[in-house]
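Asks: Got a structure here, written out as structure tokens. Questions coming.
The values are calculated or read from the model by the stated rules, or taken from the named source; none is laboratory data. Predicted model, so just to flag it, every value in this text is computed and none were measured. Positions of Cβ are generated from backbone atoms using ideal geometry, with glycine treated the same way; all protein chains shown enter the neighbour counts. The protein model used for the area step is the full one, side chains on, heavy atoms only, and it has no ligands, DNA or RNA in it. Shrake-Rupley method; radii C 1.70, N 1.55, O 1.52, S 1.80 Å.
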Amino acid sequence: MDVALFVKALGGFFAIMNPFVSLPMFLTLTSGDDLRRQRATAVRVALYSLIMAVVIMLSGTAILSFFGISVNHFRVAGGLVLGMIGLGMLNGGSDAHDGTPHEKARMRAKAAHPSAGIDLERTPGSASDRTSDAVGDVSFYPLTFPMLLGPGTITALIVFTGQAKDVPGVTAIVAALLIVLAILFVVLWFAPAIGNRMSQTLRGIMTRLMGMIIAAIAVAMVIDGLQALIPALR
């Protein structure tokens with residue numbers, strides 16, 4: 001296993017997918033559920049996150065090649081995106097997985113009315129009436145996407161996968177991802193108990209700490225990408 005790549009990927013994945021930062025939204029969106037349903041949602045979130053991450057790792061580089069973009073180009077662009085996310089978190093926000101304005105409006109509506117599901121936009125007799133159960137499941141949207149598997153995570157997955165040149169490198173990326181997803185699952189499984197013991201101050205400290213880590217990773221990504229694209233900078 002590539003230990004250096006493993007440490008870098010583990011830090012990056014944990015900082016971006018930080019389960020403790022996502023915990024408040026999870027508790028809000030599942031506040032109307034009993035413990036059994038909350039834990040079922042936690043299982044689905046972890047499973048969906050794993051499936052999406054594997055798909056991105058397997059097809060991300062191929063998609064870049066289709067558009068004529070190299071991993072180094074994406075590394076620079078991704079570093080800039082991660083840098084913006086990190087700065088936002090350092091300022092007290094968590095913009096890594098907010099989504100579009102329409103998505104954020106729906107998430108705010110869901111958080112304000114957790115017992116009503118995300119069916120606030122339904123009209124009587126519409127097609128959404130017939131699919132209310134599927135729409136009301138928050139495990140994929142918005143918890144998995146765009147909160148956990150948003151642009152920051154997608155960028156990190158593609159860039160780190162591009163850095164894995166051999167089997168030990170791929171093993172390091174997969175191991176780091178599985179560890180973070182395992183932590184995510186444990187945190188969400190025990191979310192009610194953890195939420196009762198986490199103060200708002202502690203959540204703010206963790207958000208800013210993770211923002212600094214993301215910003216540092218972003219700087220390294222941009223520098224590595226520019227040095228690969230412009231050899232004179234080495």
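Asks: Using the basic label-point model (7 angstrom from Cα toward the beta carbon), what is the Leu35 to Ala4 distance in nanometres?
Replies: Rounded to a tenth, the inter-label distance reads 4.8 nm.
Asks: Averaged per residue, what accessible area in Å² does the stretch 167-234 show with a 1.4 Å probe, protein chains only?
Replies: Heavy-atom SASA per residue in the stretch 167-234 reads 54 Å².
Asks: Let me ask something else. Rank by packing, highest mean first: peptides 2-13, 25-36, 188-199, with packing defined as the count of other Cβ atoms within 10 Å averaged across residues.
Replies: Final packing ranking: 2-13, 25-36, 188-199.
Asks: Under unit Cβ charges (Lys, Arg +1; Asp, Glu -1), what dipole magnitude, rounded to 20 debye, does the stretch 1-100 have relative to its Cα centre?
Replies: Computed about the Cα centre, the dipole is about 200 debye.
Asks: Taking R0 as 25 Å, what's the FRET efficiency between Ala216 and Ser65 from their Cβ-Cβ distance, rounded to 0.05?
Replies: Rounded to the nearest 0.05, the efficiency is 0.30.
Asks: Enter the Cα centre distance for the pair the stretch 145-209 and the stretch 22-75, rounded to the nearest angstrom.
Replies: Taking the Cα centre of each part, the stretch 145-209 and the stretch 22-75 sit 10 Å apart.
Asks: In addition: Decide, for the stretch 36-77, between rounded, prolate and oblate: order the square roots of the alpha carbon gyration tensor eigenvalues as a ≥ b ≥ c, take rounded if a/c falls under 1.5, and otherwise choose prolate if a/b is larger than b/c, else oblate.
Replies: prolate
Asks: I've got another one for you. Assuming 0.36 nm per residue, please report the length gained on full extension of the stretch Ile51 to Ala193 beyond their Cα-Cα distance.
Replies: Length gained, Ile51 through Ala193: 48.4 nm.
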